[in-house]
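J.: So that we are looking at the same thing, I have put the structure below in structure tokens.
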Amino acid sequence: MPDLSMALNAHKVLVAQIRLMFPEETEESLLDSIEGLTELDAAIFSVLRHAAEREAHGKAIAEMIDTLAARKRRLEEGARTIRLAALHAMLEAGFKKLAAPDMTVSVGSGKPRVTITDDALVPDDLCRVTRAPSKTDIAKALAEGREIPGVTLGNPEPFIVVHRK
């Protein structure tokens with residue numbers, strides 16, 4: 001992968017030199033003259049190909065993460081099922097405690113679980129409420145000319161669009 005900053009610096013130096021030699025030239029004709037003389041365009045294409053390759057690697061890793069996460073869930077669920085089977089066997093046999101050289105197992109009584117039967121009846125002081133501004137709605141309101149306290153509209157940032165063939 002070429003060094004983009006070196007290619008850009010070489011391009012800038014060449015532009016400056018040609019401007020000195022031909023000060024009367026327009027910006028457009030100057031850029032047309034320089035277009036094929038530097039490696040900047042090739043460097044840009046190269047780094048964008050490298051970016052696409054990194055994105056592909058990222059997608060592949062995300063798929064691997066999803067596959068491994070599903071495997072992890074299956075393993076954990078299997079372990080939970082095995083523990084429940086062991087608990088069931090101990091309860092059926094009336095065992096409260098078992099000992100082996102590598103572990104001790106006992107049956108605990110557990111804690112009562114909270115069951116919500118109607119969310120609307122639970123007092124507010126026992127609820128979590130999340131307040132988050134909706135940037136989509138805020139942007140729409142700003143576009144309509146509405147002034148919103150605590151909100152400013154920032155400058156747009158340029159971005160690059162790459163169409164793959």
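J.: Any idea how many residues of the stretch 35-77 are closer than 30 Å to LEU14 by Cα and either under 18 Å from the mean Cα position of the chain (by Cα) or without any contact (Cβ under 8 Å) to a residue 40 or more places away in the chain (or both)?
T.: Matching residues across the stretch 35-77 total 11.
J.: With the structure loaded, tell me whether THR115 is at pLDDT 90 or above, out of contact with any Lys or Arg (no Cβ under 7 Å at 6 or more places or on another chain) and either assigned to a loop (DSSP other than H, G, I, E, B) or loosely packed, with under 10 Cβ neighbours inside 10 Å (or both) or whether it fails that test.
T.: yes
J.: Let me ask another. Which pairs do you get when a residue that is free of Cβ contacts under 8 Å to residues at least 40 places away in the same chain, found in the stretch 118-141, comes within reach of a residue that is assigned to a helix (DSSP H, G or I) and acidic (Asp, Glu), reach meaning Cβ atoms under 9 angstrom, with the pair 6+ apart or on two chains?
T.: Hits for this filter: CYS127/ASP119.
The values are calculated or read from the model by the stated rules, or taken from the named source; none is laboratory data. Note that this is a predicted model, so its numbers are computed, not measured. For neighbour counting, all protein chains shown are included, and Cβ atoms are generated from backbone atoms with ideal geometry for every residue, glycine included.
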